[in-house]
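Quick notes on the structure that follows.
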Amino acid sequence: MAEARKTIYQLSEDEVLSKVSATKNGLNNEEVKARQEEFGFNRLQAQKRTTILQKFIEQFKDLMIIILIVAAIIAGIAGEHIDAIIIIAVVILNAIFGVFQEAKAENAIDSLKQMSAPMATVLRNGQTESVKSEDIVPGDIVLLEAGDVVPADLRLLEANSLKIEEAALTGESVPVDKSVAAIKDADLPLGDRDNLAFMNSNVTTGRGVGVAVYTGMNTEVGKIAHMLNTTEEQTTPLQENLKSLGKMLTWLILVIAVITFAVGMFRGSESLLNMLLTAISLAVAAIPEGLPAIVTVTLALGTQQMARNNALIRKLPAVETLGSTDIICSDKTGTLTQNKMTVEKVFLNEQLTDAGSTEVNLDDRLAQIMILNNDTKFQSGELVGDPTETALIQYYLDKKLPVNDFLAEHERVAEIPFDSERKLMSTFNKYPDGSIQMNMKGAPDQLLMRVTKIVDNGEVRDITDDDLAKIRETNHDLATSALRVLGFAYKPVDQVPTELTSEAQENDMIFVGLIGMIDPERPEVYQAVAEAKTAGIKSIMITGDHQDTAQAISGRLGIIDDPNDTSSVMSGAELEEMSDADFEKRVENVSVYARVAPEHKVRIVKAWQKKGKVVAMTGDGVNDAPALKTADIGVGMGITGTEVSKEASDMVLADDNFATIVTAVKAGRKVFANIQKALQYLLSANLGEVLTLFVMTLMGWQILAPVQILWINLVTDTFPAIALGVEPAEPGIMKRKPRGRTSNFLSGGIMTNILYQGLFEGIITLAVYAFAIANPVHSSEALAHADALTMAYATLGLIQLFHAFNSKTIHQSIFTVGMFKNKFFNWAMVASTILLIATIAVPGFNKMFHVTPLVSSQWMVVLFGGIMIVIITEVVKWVQRHVLHEE
């Protein structure tokens, strides 16, 4: 089957009909029924779906979620039922959100199926019938007209001015001229198989007849559907980091709890129940209960910011993944370019000029031919037709010329339609003075074969060999610069010809000029590529276009430094011939891929992923969907993108603007940095709690109760940590190199910070406790110990709130980044401080939390202990910046 797929376009019409056991008269009803039983219906198959319940249960297999459930159980055992309910609520909300996202992601195949043509016109029993497209079988004769959606993969038998738009499948921005002749070359990419029509592509002009050779999952679109079904979702760096962190915390908690329990029992000073509660307290202290919720909230807030900048996030982890991106693989058409043909160069009177600076008017022959030899229609103020022709009209509309009036005054009285064999189109237009002019446009090489004269500064003279050489040289230069070139000629005629054939009429033409057209790059993309390069991100163009076009555009965008450097460009045919091992050796040196197939895109993404790189893939077509799904983050296009590509994506650009990706990367980097800040804050605080409880146990001191630890975690972990998630981006964030896949939340000095900060938090808390025991306010030993425990409780809570200020920046001084710029953070600190102090100062609360009211002198000691963590951290940061950096 694979070999047959490669050679079907090489077969003659008779060979194709014989291969599928069909005739030009179509199948009869019995044959259709038999083939439907053999080949099945002409529709795409979706992979087996998991139920909502299965998806929901799957969410609870994450280690961090398991830790949260354990924390809820521990809180319930300790009598803190409200905390247990809150933790379980967070777990359930996370699970529901995960199910919702997963269900949305499964819509990719549904969108692909919806693109299929609902009805098709076929020849059956020797008569024309309209049938459901899903009923088409191999061997059916299908009739195509402008506006139709191709219902299956067809080998064309007739093509009358037939053009089919295949951008969603091949990446080509211009409709393809179709032909019927067999093609000799083997292993051609889809875009060059001119005698085939592919399922779900759109007929833009002309008519055609084809025989169905592949249906359903055997079509090119079916291959993509199969790839979508079998492509595994990639875990994001965020998910990998949380998974590894969850494992580490699980073992750490178990080891600490077991050691503490064993030490306490060995000392023999505590009962079994008390030591069990102590071990539980340590476990509670070690678990960052709010981390998953904080990560979710931080990511959600990041999505809101991105949405305001036209980047719509479909999956929350994509926010952070963007920030770690090493490679952006981008489709060319509609992403790096405008997906709109534009006149860029004009060759007239042997002079090549920029189209924008060329002065034109409707007395110019070139303008007249470009407007009159044109099938563009005006509908509701928009131009409708072939993109090449609409671009010719738009050029003069942009020059503020009365194109509509000119068309109305120059009626078309006859024409010789475009033909893909001769690549020319001629019209006969009647002028207001009654004269008739024949206007011709088409491929320069074909047009030059039919000209004998040339317009030279308004004068008509015989064309010379030097003229022809100059025109051909200009044509070559424009073509190698990735421009599509059209030639224009005319001649006056006495009357409307009766024999409208190329042989009879298309001769003795007068050459006027050439125009060079291109799907131009988006003006903002060059700067976006440069910014990505500064941020250490490599931009790669992957396109179905020709190699020369891809190379020229990539040079203009700065994707490759030298537009003449062919070593950075690889064709799909070259890639097909390379082994995976050879390709992996070369992949780092290639920046442009031309004439590629969908499976090539997936292969490129995987090759980079094997090198440990985080890969983003942008795309708008059906052909991009498998690669979008394979990539670490798929970026779909909101305007030109198909629903298939959007559903397969993690993020959708509402403005189809490549520059928006750079903005999103910055936001992603900020999100990661803020999660790091929150993580550093949470784990250092929890380490301080663990150290405090562990030393208290070893010393035989009275220890903090589970309810006190839970309350400290609730008021200090939640609001300040969430507030850290909305800190503004630090200066220079886009000058840092990408973190890559091997980086994690504890890299970049975070682990060191957690250790020393947690150590000092514990030491300061223990020092306050020891000071309170040595300097009691009350003579009663019981009250003195109660006060000491209360001061330790207050210090442990307050020191964490002060430490939240330290965590606003990882390495910089908090006095340089603005301590109070984040209003949400300010209010979070006020709320947390009130909730902490209320447990001591408000009557009734102190009994509930086993604490005693403190006098002013005791509060001063507590306040001094809290401030000390700021002083210590600032000193260490200064050493890190100045001393360690110099080394």
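Looking at the structure I just gave you, is Ile867 touching a residue at least 40 places away in the same chain (Cβ under 8 Å) and more than 19 Å from Pro720 (Cα to Cα)?
Spelling it out, it is not the case that Ile867 is touching a residue at least 40 places away in the same chain (Cβ under 8 Å) and more than 19 Å from Pro720 (Cα to Cα).
I'd like to know if the range 615-623 contains one or more residues that are in a helix (DSSP H, G or I) and of a type in the set (A, V, I, L, M, F, W, C). Within the range 615-623, one or more residues are in a helix (DSSP H, G or I) and of a type in the set (A, V, I, L, M, F, W, C). Out of all the residues in the range 488-500, is one or more surrounded by 23 or more Cβ atoms within 10 Å (Cβ to Cβ), among the hydrophobic types (A, V, I, L, M, F, W, C) and at positive phi? Checked the range 488-500: no residue is surrounded by 23 or more Cβ atoms within 10 Å (Cβ to Cβ), among the hydrophobic types (A, V, I, L, M, F, W, C) and at positive phi. Scanning the range 635-659 for residues that are buried (at least 24 other Cβ atoms within 10 Å of the Cβ) and more than 20 Å from Arg522 (Cβ to Cβ) returns Val644, Glu647, Ala648, Asp650.
Would you be able to say whether some residue in the range 815-824 is modelled with pLDDT under 95 and crowded, with 21+ Cβ neighbours inside 10 Å? No, there is no match, as no residue in the range 815-824 is modelled with pLDDT under 95 and crowded, with 21+ Cβ neighbours inside 10 Å. Determine whether Gly619 is within 22 Å of Ala318 (Cβ to Cβ), buried (at least 24 other Cβ atoms within 10 Å of the Cβ) and without any contact (Cβ under 8 Å) to a residue 40 or more places away in the chain. The answer is no for Gly619. Looking across the range 643-684, the residues that are over 18 Å from the mean Cα position of the chain (by Cα) and of a type in the set (A, V, I, L, M) come down to Ala673, Ile675, Ala678, Leu679, Leu682, Leu683. Condition check for Ala838 on (1) free of Cβ contacts under 8 Å to residues at least 12 places away in the same chain; (2) within 44 Å of the chain's Cα centre (by Cα); (3) over 30 Å from Gly749 (Cα atoms): one failure, at (2). Right, Arg461: part of a strand (DSSP E or B), at negative phi and free of Cβ contacts under 8 Å to residues at least 40 places away in the same chain or not? It is true that Arg461 is part of a strand (DSSP E or B), at negative phi and free of Cβ contacts under 8 Å to residues at least 40 places away in the same chain.
Yes/no per residue for (1) at positive phi; (2) of a type in the set (S, T, N, Q):
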| site | (1), (2) |
| --- | --- |
| Arg412 | no, no |
| Phe418 | no, no |
| Glu421 | no, no |
| Ser426 | no, yes |
| Lys430 | no, no |
| Gly434 | yes, no |
| Asn439 | no, yes |
| Ala443 | no, no |
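Residues are listed down the side, and each one gets a yes or a no for (1) among the polar types (S, T, N, Q); (2) farther than 24 Å from Ala705 by Cα; (3) not assigned by TED's automatic domain parsing to the domain that holds Ile763:
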{"residue": "Leu801", "(1), (2), (3)": "no, no, no"}
{"residue": "Lys823", "(1), (2), (3)": "no, yes, no"}
{"residue": "Val861", "(1), (2), (3)": "no, no, no"}
{"residue": "Thr873", "(1), (2), (3)": "yes, yes, no"}
{"residue": "Gln880", "(1), (2), (3)": "yes, yes, no"}
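Yes/no per residue for (1) part of a loop (DSSP other than H, G, I, E, B); (2) surrounded by 19 or more Cβ atoms within 10 Å (Cβ to Cβ); (3) within 33 Å of the chain's Cα centre (by Cα); (4) among the β-branched types (Val, Ile, Thr):
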residue	(1), (2), (3), (4)
Leu169	no, yes, yes, no
Val174	yes, yes, yes, yes
Ala182	yes, no, no, no
Asp185	yes, no, no, no
Gly191	no, yes, yes, no
Asn200	yes, yes, yes, no
Thr204	no, yes, yes, yes
Gly208	no, yes, no, no
Val211	no, yes, no, yes
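Taking the range 303-360 as the search range and keeping residues that are of a type in the set (A, V, I, L, M, F, W, C) and part of a loop (DSSP other than H, G, I, E, B), which one is nearest to Gln394 (Cα to Cα)?
Met341
Taking the range 116-141 as the range and being in a loop (DSSP other than H, G, I, E, B), closer than 15 Å to Asn28 by Cβ and not small (Gly, Ala, Ser) as the test, the residues that pass are Asn125, Ile136, Val137, Pro138, Asp140.
Scanning the range 379-424 for residues that are assigned to a helix (DSSP H, G or I), within 25 Å of Met449 (Cβ to Cβ) and of a type outside the set (A, V, I, L, M) returns Thr388, Glu389.
Only one of the numbered conditions (1) touching a strand residue (DSSP E or B) at 6+ places or on another chain (Cβ under 8 Å); (2) loosely packed, with under 14 Cβ neighbours inside 10 Å; (3) not in a strand (DSSP E or B) is violated by Arg472, and that is (1). As for the range 658-680, it holds no residue that is assigned to a strand (DSSP E or B) and in contact with a helix residue (DSSP H, G or I) (Cβ under 8 Å, 6 or more places away or on another chain). The one condition from (1) more than 23 Å from Met517 (Cβ to Cβ); (2) buried (at least 20 other Cβ atoms within 10 Å of the Cβ) that Gly544 does not meet is (1). Inspection of the range 845-852 finds no residue satisfying the criterion of being in contact (Cβ under 8 Å) with a residue 24 or more places away in the chain, among the basic types (Lys, Arg) and surrounded by fewer than 18 Cβ atoms within 10 Å (Cβ to Cβ). When Gly749 is tested against the conditions (1) in contact with an Asp or Glu (Cβ under 7 Å, 6 or more places away or on another chain); (2) within 30 Å of Val665 (Cα to Cα), the lone failure is (1).
When Met699 is tested against (1) over 26 Å from His81 (Cβ atoms); (2) in contact with a helix residue (DSSP H, G or I) (Cβ under 9 Å, 6 or more places away or on another chain); (3) touching a residue at least 24 places away in the same chain (Cβ under 8 Å), exactly one condition is not met: (3).
The residue that is farthest from Asp717 (Cα to Cα), counting only those in the range 660-682 that are buried (at least 21 other Cβ atoms within 10 Å of the Cβ) and of a type in the set (D, E, K, R), is Arg669. Of the residues making up the range 133-189, just one is in contact with a strand residue (DSSP E or B) (Cβ under 7 Å, 6 or more places away or on another chain), charged (D, E, K, R) and either over 17 Å from Asn200 (Cα atoms) or not assigned by TED's automatic domain parsing to the domain that holds Ser12 (or both), namely Glu158.
Of the residues making up the range 30-70, those that are in a helix (DSSP H, G or I), modelled with pLDDT under 75 and touching a Leu at 6+ places or on another chain (Cβ under 9 Å) number 4. Here Glu409 passes the criteria (1) in the same structural domain as Trp608 (by TED's automatic domain parsing); (2) without any contact (Cβ under 8 Å) to a residue 40 or more places away in the chain except the one numbered (1). Can you work out which of the residues in the range 334-383 that are among the charged types (D, E, K, R) and within 40 Å of the chain's Cα centre (by Cα) is farthest from Pro417 (Cα to Cα)? The selected residue is Asp354. Suppose the filter is outside the structural domain of Leu693 (by TED's automatic domain parsing), within 30 Å of Asn713 (Cβ to Cβ) and surrounded by fewer than 22 Cβ atoms within 10 Å (Cβ to Cβ); does Lys399 pass it? So Lys399 does not fit the description; no. Just a yes or no: is a residue in the range 230-240 crowded, with 21+ Cβ neighbours inside 10 Å and modelled with pLDDT of 75 or more? Scanning the range 230-240 turns up no residue that is crowded, with 21+ Cβ neighbours inside 10 Å and modelled with pLDDT of 75 or more.
The values are calculated or read from the model by the stated rules, or taken from the named source; none is laboratory data. Model, not experiment: these values are computed from the prediction. With ideal geometry, Cβ positions are generated from the backbone for all residues, glycine too; neighbour counts draw on all protein chains shown.
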